Amino acid sequence: MKVTLSVIKADIGGYVGHSESHPDILARARELLAKAKKQGLLIDFHVTKCGDDLQLVMTHQHGEENEKIHKLAWDTFVDCTQIARDLKLHGAGQDLLSDAFSGNVKGMGPGVAEMEFEERTAETIIIFMADKTSAGAWNLPLYKMFADPFNTIGLVIASNMHTGFAFEVHDIKEHRKITFNAPDEIYDLLVFIGAPSRYMVKAVYHRESKEIAAASSTQRLALIAGRYVGKDDPVCIVRSQGEFPAVGEVLEPFTLPFLVEGWMRGSHHGPLMPVSVEDSTPSRFDGPPRVVALGFQLSSGKLVGPRDMFADKSFDPARQQANEVADFMRRHGPFEPHRLPLEEMEYTTMPQVSKKLEGRFIALEG
Ligand code: F6R
Ligand code: MG
Ligand code: MG
């Protein structure tokens, strides 16, 4: 049976500040998706949150970029924004950059990760959701999962994974894409995806079966809006077990709280801390950035789960280390590399301050 899994998310208002989602919003979203399920548009759904982001996980049979599914997500965000306004939540409607829906939520603010596949006998799925960071945060973990044998031993000792995986990489500045084969082309691949603010792993495919293995959201809010309107807070779907990395291999990259861009005012580097859904409440300096992982088994499109994968105690040392790294980075205050490099600051105060002081710069002699 062919199933489409769509994860569509938006920050439509925070509680308190940008630290959490209000329960009334989640309840309303559940109500609206339950109605769509009853009407037969969805097979199943799960509504959750990561920090101040409302996350809609939906299964259906309408394929990727389907207008009805995207409209359902858009209408849900618009409806929930009304509750955010009534409660005077912070930044109500923040990620809805357009007034009118035009067939697809892409380019309108929300983040989208979708994949259509033939459901296997046992279909294991992990959905990652992050808050206070950018699209591109998945480059490092996806590389480790699908190309690094020090992370994924299956690449070495499982015959159904030994041919490797293909990485579809998007250049979001030039609006073009390229596919790299791992392991053959990992040096070329890393030249690009090591620069995650521009090059992003959009999808990963099994090289032999051609099956989709992972899909991520690559929408960059600042590029869509042309100014800072909050971070992208991306999502990523990963298929697991069998010819794909095992659950433990999929989660393993997050034992390193690697540095990502985001955090306070979307303008800092900080560690990505793996947490349970309950603990996705970025508070210290509006962070540090968080990632949650929900595990499901699919049964004819029905979402069996979720299991809150990072609630596990084995991620305690990563959290501890994340908090230590957060301390270390914070002590740099407004200096790079805690503060983002100039190009990324283009979306904050840099243009205004530069303009104001233009006449005061004097050419250096000699
Ligand atoms: C980061 C984020 C927050 C806000 C900060 C200021 O992604 O959402 O750090 O940038 O709290 O928020 P405003 O400008 O909404 O008062
Ligand atoms: Mg917010
Ligand atoms: Mg957010």
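The values are calculated or read from the model by the stated rules, or taken from the named source; none is laboratory data. Since the structure is predicted, the reported quantities are computational estimates derived from the model, not experimental observations. When we count neighbours, we look across all protein chains shown, and the Cβ atoms used for this are built from the backbone with ideal geometry, even at glycine. With ligands, DNA and RNA removed, areas are computed over all heavy atoms of the protein, side chains included. Shrake-Rupley method; radii C 1.70, N 1.55, O 1.52, S 1.80 Å.
Brief remarks on what is shown
- Test result for GLU249, in contact (Cβ under 8 Å) with a residue 60 or more places away in the chain and either under 17 Å from the mean Cα position of the chain (by Cα) or more than 24 Å from LYS313 (Cβ to Cβ) (or both): no
- Among the residues listed as TYR187, TYR228, the single one being under 23 Å from ASP131 (Cβ atoms) and among the aromatic types (Phe, Trp, Tyr): TYR228
Residues checked against (1) open to solvent by less than 50 Å² (accessible area, probe 1.4 Å); (2) out of contact with any Asp or Glu (no Cβ under 7 Å at 6 or more places or on another chain); (3) more than 13 Å from ligand 3 (Cβ to nearest atom):
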| site | (1), (2), (3) |
| --- | --- |
| SER6 | yes, no, yes |
| HIS18 | no, no, no |
| SER21 | yes, no, no |
| ALA34 | yes, yes, yes |
| LYS37 | no, no, yes |
| GLY51 | yes, no, no |
| HIS60 | yes, yes, yes |
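- A search for C-beta distances below 7 Å between a residue of segment 127-154 that is under 23 Å from MET58 (Cβ atoms) and any residue that is of a type in the set (Ser, Thr, Tyr) and within 16 Å of ligand 1 (Cβ to nearest atom), counting only pairs 6+ apart in sequence or on different chains, returns ASP131/SER280; ALA135/SER217.
- Among the numbered conditions (1) under 29 Å from GLU67 (Cβ atoms); (2) touching a residue at least 60 places away in the same chain (Cβ under 8 Å); (3) surrounded by fewer than 19 Cβ atoms within 10 Å (Cβ to Cβ), the only one that ASN160 does not meet is (1).
- Condition met for LYS132 (basic (Lys, Arg) and touching a Phe, Trp or Tyr at 6+ places or on another chain (Cβ under 8 Å)): yes
- Some residue of segment 142-149 being farther than 30 Å from HIS268 by Cβ and surrounded by fewer than 18 Cβ atoms within 10 Å (Cβ to Cβ): yes
- Among the criteria (1) closer than 25 Å to PRO282 by Cβ; (2) in a helix (DSSP H, G or I), the one ILE69 does not fulfil is (1).
- Candidate set from segment 63-109 (those that are touching a Ser or Thr at 6+ places or on another chain (Cβ under 7 Å) and more than 16 Å from ligand 3 (Cβ to nearest atom)); member that is most open to solvent (accessible area, probe 1.4 Å): GLU64
- Members of segment 1-35 found to be more than 21 Å from VAL229 (Cα to Cα), within 16 Å of ligand 2 (Cβ to nearest atom) and assigned to a strand (DSSP E or B), listed by number: none
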